[in-house]
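Only one structure is covered here, and it is reproduced in the block below.
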Amino acid sequence: MTDTTTQRTPRIPPLEAPYPEPIGELLTRMTPPQAPEILALFRVLAVNPALAERTMELGRYLLGRKAAISLRDARSSSCGSAPAAAPNTNGAFTGPDSPTPPASTTPAAA
């Protein structure tokens, strides 16, 4: 049984203040004006500033005022409410959107 009370160290630790000037400006642009603090997600992305810059347009498209998906859908897709992927008989992981694997070509045992 796994102890769920201990915190694990993140694989990529978020940046901590004080930020270098270009990173601080990037984080300011990524953070909504009403946000009380900079989200850890943004601070992790800012580890790679080029990647963070490229994800800003996607974030605006998905979560902006004229979002492509509703806030409810965005939250439900990120909280694990979708069916989880499970291994099939071949050991490959399949989920609700996975293509159906081809039929086995080995003859059945008599």
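Can you pull out every residue in segment 39-53 that is of a type outside the set (A, V, I, L, M, F, W, C) and surrounded by 14 or more Cβ atoms within 10 Å (Cβ to Cβ)?
Those that are of a type outside the set (A, V, I, L, M, F, W, C) and surrounded by 14 or more Cβ atoms within 10 Å (Cβ to Cβ): ARG43, PRO49, GLU53.
List the number of the failed condition for VAL47; all other conditions in (1) at pLDDT 95 or above; (2) outside any loop (DSSP other than H, G, I, E, B) hold.
Checking VAL47 against (1) at pLDDT 95 or above; (2) outside any loop (DSSP other than H, G, I, E, B), the one that fails is (2).
May I ask you to list the residues in segment 54-76 that are assigned to a helix (DSSP H, G or I), modelled with pLDDT under 70 and surrounded by 12 or more Cβ atoms within 10 Å (Cβ to Cβ)?
The answer is ALA74, SER76.
Can you tell me which residue within segment 19-38, out of those that are touching a helix residue (DSSP H, G or I) at 6+ places or on another chain (Cβ under 8 Å) and part of a loop (DSSP other than H, G, I, E, B), is surrounded by the most Cβ atoms within 10 Å (Cβ to Cβ)?
ILE38
The values are calculated or read from the model by the stated rules, or taken from the named source; none is laboratory data. Fair warning: this is a prediction, and the values are worked out from it, not measured in the lab. Glycine gets a Cβ as well: all are built from the backbone with ideal geometry, and neighbour counts include every protein chain shown.
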